[in-house]
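This report concerns only the one structure given below.
The values are calculated or read from the model by the stated rules, or taken from the named source; none is laboratory data. Bear in mind that the values here come from a model prediction, so they are computed numbers and not experimental data. Note that we place each Cβ from the backbone using ideal geometry, even for glycine, and neighbour counts take in every protein chain shown.
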Amino acid sequence: MKYFNILVFISMLSTSYVGLSSTNTASYQFNFNLGQDNPDEGETRTGNASMARFAISTKPRLFRLVGAFTALTGGGLQQGEFSAGPHVYPFGNINRGFIQPYLFAEGSFGIGTFEEKTRYDSGYGVGVGCDFFLNKKGGMTLAVEKKEAAESAYRLWIGFIYQGR
């Protein structure tokens, strides 16, 4: 599993380099999201956790490099996670329409407590989402993620996006 996480991290860095080579890297997108973290059956943690996620990304049209901080609380868990990885917008080069679907893969590192014991967590998440632009500067986002770390979980979040220069 450790070697797989390293391989995922290296592939994310190489994909991120392609995204950063775009001419539009001076722009950014800021996200604020709220959601649920639901552990898979058979995991140590059985209760759902609420999450708040803050992310900032580059704004090229097809690839985006995203860095995020996620705070989780609930079900005996209190944890903060830092994550980074590429987001791919398949229709990003076609137009800037109202709806922009995307795919993503992120590596993460978390520090927190579970049932009053300190724990460190690393893993990855893959998912899909969709940005809904209400005007030229912002809108809403909806995403679902499959998180593989010390515990496997599904995450669903909805939030606001703002694009700037």
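Go through the residues of segment 87-97 one by one and say whether even a single one is loosely packed, with under 15 Cβ neighbours inside 10 Å, of a type in the set (A, V, I, L, M) and modelled with pLDDT under 95. So far as segment 87-97 goes, yes, one or more of its residues are loosely packed, with under 15 Cβ neighbours inside 10 Å, of a type in the set (A, V, I, L, M) and modelled with pLDDT under 95. Among residues that are in a strand (DSSP E or B) and either exposed (fewer than 14 other Cβ atoms within 10 Å of the Cβ) or at pLDDT 90 or above (or both), L34 is included.
Looking at T70, is it under 17 Å from T44 (Cα atoms) and either part of a strand (DSSP E or B) or over 18 Å from the mean Cα position of the chain (by Cα) (or both)? No: the conditions fail for T70. Note on segment 57-73: residues that are in contact with an Asp or Glu (Cβ under 8 Å, 6 or more places away or on another chain) and hydroxyl-bearing (S, T, Y) total 1. Screening K146, K136 for residues that are within 11 Å of the chain's Cα centre (by Cα), loosely packed, with under 15 Cβ neighbours inside 10 Å, among the basic types (K, R) and over 14 Å from T70 (Cβ atoms) leaves exactly one candidate, K146. Of all residues in segment 69-83, those being crowded, with 19+ Cβ neighbours inside 10 Å and hydrophobic (A, V, I, L, M, F, W, C) number 2. Within segment 99-120, the set of residues being under 22 Å from L77 (Cα atoms) and buried (at least 17 other Cβ atoms within 10 Å of the Cβ) comprises E106, G107, S108, G110, G112, F114. The single condition among (1) of a type outside the set (A, V, I, L, M, F, W, C); (2) farther than 18 Å from R53 by Cβ; (3) at pLDDT below 90; (4) part of a strand (DSSP E or B) that P101 does not meet is (3).
Tell me, please, whether a residue that is part of a strand (DSSP E or B), farther than 16 Å from N33 by Cα and at pLDDT below 95 can be found in segment 149-157. Yes - at least one qualifying residue is present in segment 149-157.
Checked against (1) hydroxyl-bearing (S, T, Y); (2) closer than 16 Å to A52 by Cα; (3) in contact with a Ser or Thr (Cβ under 9 Å, 6 or more places away or on another chain), T141 passes all but condition (3).
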